[in-house]
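The values are calculated or read from the model by the stated rules, or taken from the named source; none is laboratory data. Computed from a predicted model, the values in this text were never measured in an experiment. Note: ideal-geometry Cβ built from the backbone for every residue, glycine included; neighbour counts use all protein chains shown. We work out accessible area using only protein heavy atoms, side chains counted, and drop any ligands, DNA or RNA first. Shrake-Rupley method; radii C 1.70, N 1.55, O 1.52, S 1.80 Å.
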Amino acid sequence: MIKPNPYAKMQEDSIFTASKEELTLMLYEGGIKFCNLALTDIEKKDTVKANEHIQRVQDIIREFQITLDFKYPISNELNTLYDYMHRRMVSANIRKDATIVKEVLGMFRSLRDTWKEAMKIARAG
């Protein structure tokens, strides 16, 4: 008999109870996590795993794009940025290019940090 993983259950519960702001932060953290995993895979020359992790990054980017609310002007700029990030990850996947993954990783970190700061300001104000 397989024992349930309590960590997986806790993680699932946190997703279902998270606010929209927290879910956005989780997605940024996921993008960072999967970029880092892809970098490790590329270094190890594990093209199968690198492909899987890069595709996860692409999925996260697409999730950001499809959930944009275009009634806000910033959404157009974010959509352009997300489109660029997605195209770069497609290129990184084709070439298994760590430099491109690092570029996108930097963007994810910047976006995450900005989002964290916006969350702090929103809670304080």
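Worth pointing out:
- Where the chain is the region considered: accessible area per residue in Å², 1.4 Å probe: 68
- For residue 49, the aspartates and glutamates whose Cα comes closer than 12 Å to its Cα, not counting residues fewer than 8 places off in the same chain, are 41.
- Protection proxy ranking of 74-84, 19-29 - average other beta-carbon atoms within 10 Å, highest first: 19-29, 74-84
- Region 64-125: C-alpha gyration tensor shape, a/c 1.5 cut-off, then a/b vs b/c: oblate
- In the chain, the calculated helix contribution to ellipticity at 222 nm averages -29500 deg cm²/dmol per residue, counting -39,500 (n - 2.57) for every DSSP H run with n ≥ 4.
- Take each peptide in 94-107, 43-56, count the other Cβ atoms within 10 Å of every residue, and average; sorted highest first, the result is 94-107, 43-56.
- Sulfur and carbon atoms: percent of accessible area, the chain [1.4 Å]: 57
- Taking the three principal axes of the alpha carbon atoms in the chain, the coordinate ranges are 48, 46, 22 Å, sorted in descending order.
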